Amino acid sequence: MSEKKRIAAIKGTKDILPKEARKWQRVEATAKRIFELYGYREIRAPIFEATELFEKGTGETSDIVIKEMYTFKDKAGRSLTLRPEYTPSIVRSIIEHRLYLQPDPLRFYFIGPMFRYDKPQKGRYRQFHQMDIEVFGEEAPAVDAEIVEMADYLLKTLKVTETEILVNSVGCQGCRPLYLKELREAAEKKRALLCPDCQRKITANPLRIFDCKVETCREAARGFPKITDFLCAECEANFDSFKAHLDSFQISYIVEPRLVRGIDYYTRITFEIISAKLGAQDAILGGGRYDDMMKVFGGPDICGTGFAVGMERLVSLAPFTREAEDFLYLAFLGDEAQEKGMALARFLRQNDLECLIEYKERSLRNQISRANKLGARWVLIVGEEEIKSGKYQLKNMATGNQVEVGKEDIIKVIRESA
Ligand SMILES: [Zn+2]
Ligand SMILES: [Zn+2]
């Protein structure tokens, strides 16, 4: 026999195996439910798009575009890119289908994979997953506060504790330029302390120095001017109103002037929810306003706001207790019993009971031990005697109690014991 080469998963990707997938399903179902409660509707866009969509959307100076995109040519020579983030796709879709002309609210959510050719490290993957929510056409800071409140509610529902909400305003086209000038000057003075990457950012986009995780850069950035000291009157009023709404929701937050986010199109309010349990990569969720984005894409002048949640991080933080599930293992002995058992299993499944029947020949004892290993709550025994009498032994695996029941009563007994 020739030696077959074993093919492994690509570096930076990971399989989500069934036990883990249950957690994902639970987190996703909870999130979908909550987003729907707030008037959001799901939108699904393709995984790949024209490369220029992301070059435009994430800003051509962004690290993501320069270093991390999965870009390739298809057979027709077009340049395509696996999406590194979701917002550009949503914006493209809204413009393409003119969703802004519909009477529906422009509130969308989305869950799916994203791709970045990042250095693989603990908890970071090249295919990672995000949940995004986006609202368009709502200018009032009340909606930003509502979004933060929704995010907070989601985390509380998932029992994610020890979180902190950080908020900031990055100003507007009117007040940011002056701040950037001051920031550049301050950064220039500390040039020697900055890493090579940050030295480049001084001219390209000094706001991104705040994203750097290198300790000397962080230290230097602590002394930089704060954007909140440079806000124009309108931006300040906008930020105050946002904070007042959070106060009336009784949501506590910390104003963090270094929270500027790494993408060009953000304006005014930005926020992040962090967890000390995540270490240096501490953000579970981040978002804010991007009022100029639709215009950048050639669409109408419609403002936007939203957030993105890292699913890997969220799933790792949400405690998972398998809810008591009525999972029944059907054990049978002999061909005739198998036939009867298959009919019974079908009946139970059609009555919404999770039921497993395995066809490999095993002794009764063996089957009960399998049921135990699989975590079945119930075992239903179908043997010759049972077929004759039409009564089956139903065993509760937790208590060890066994009762004799007819077909019609199986569901009843199980439901009543819940
Ligand atoms: Zn302003
Ligand atoms: Zn740096």
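Here, each number is a calculation from the coordinates, and none is a lab measurement. Since this is a predicted model, take the numbers as computed values, not measurements. Here Cβ is always computed from backbone atoms with ideal geometry, including for glycine, and neighbour counts include all displayed protein chains.
Things worth noting here:
- Kirkwood analysis of the Cα pair distances in the chain returns a hydrodynamic radius of 25.2 Å.
- Flagged links, alpha-carbon separation over 20 Å, of LYS11/LYS277; LYS11/LYS56; LYS67/LYS119; LYS119/LYS213; LYS67/LYS213; LYS32/LYS412: LYS11/LYS277; LYS11/LYS56; LYS32/LYS412
- Relative exposure of ARG289, ARG222, judged by other C-beta atoms within 10 Å (fewest first): ARG222, ARG289
- Computed [θ] at 222 nm, deg cm²/dmol, the chain (DSSP H ≥ 4; -39,500 (n - 2.57); rounded to nearest 500): -11500 deg cm²/dmol
- If both residues of a DSSP beta bridge must be in the stretch 327-417, then about 55% of such bridges are antiparallel.
- From largest to smallest, the equivalent ellipsoid semi-axes obtained for the stretch 103-146 from the alpha-carbon gyration tensor read 31, 12, 8 Å.
- Three-way shape call for the stretch 107-213 based on the alpha-carbon gyration tensor, with the a/c threshold at 1.5: oblate
- For the stretch 269-375, the relative contact order comes to 17 percent (Cα pairs under 8 Å, sequence separation of at least 6).
- Fluctuation leader among GLY77, GLY12, GLY334 - the chain, Gaussian network, Cα springs under 10 angstrom: GLY334
- Mean Cβ count within 10 Å, highest first, over the residues of peptides 364-373, 337-346: 337-346, 364-373
- In the chain, the DSSP beta bridges split such that about 80 percent are antiparallel, to the nearest 5.
- Residue exposure sequence - LYS56, LYS73 - by fewest surrounding Cβ within 10 Å: LYS73, LYS56
- Normalised contact order of the stretch 327-417, rounded percent, pairs of Cα under 8 Å and 6 or more residues apart: 31 percent
- Cα-only Debye scattering, the stretch 158-204: base-10 log of I(q)/I(0) at q = 0.13, 0.17, 0.31 Å⁻¹: -0.50, -0.67, -1.08
- Taking a straight line from the alpha carbon of LYS373, these lysines sit under 21 Å away, with near neighbours fewer than eight places off in the same chain left out: LYS19, LYS23, LYS360, LYS395.
- The stretch 327-417: proportion of alpha-carbon pairs further apart than 17 angstrom, %: 41 percent
- Charge-dipole axis of the chain as Lys and Arg at +1 and Asp and Glu at -1 on Cβ define it, positive-most pick from PRO319, LEU193, TYR290: LEU193
- Debye, to nearest 20: dipole size of the stretch 327-417, +1 on Lys, Arg Cβ, -1 on Asp, Glu Cβ: 320 debye
- Calculated log₁₀ intensity ratio I(q)/I(0) where the Debye formula runs over C-alpha points of the stretch 140-282, q = 0.15 Å⁻¹: -0.80
- Ordering HIS97, HIS245 by the number of other Cβ atoms within 10 Å of each residue's own Cβ, fewest first, gives HIS97, HIS245.
- Computed over the chain: relative contact order in percent, which uses C-alpha pairs under 8 Å that are six or more apart: 14 percent
- A simple charge model with +1 on the Cβ of Lys and Arg, -1 on the Cβ of Asp and Glu and nothing else charged puts the dipole of the stretch 233-370 at about 480 debye relative to its Cα centre.
- Highest-MSF residue in the chain out of GLN250, GLN127, GLN402 [GNM, Cα springs under 10 Å]: GLN402
- Rounded to the nearest 20 debye, dipole of the chain from Cβ charges on Lys, Arg, Asp, Glu: 1700 debye
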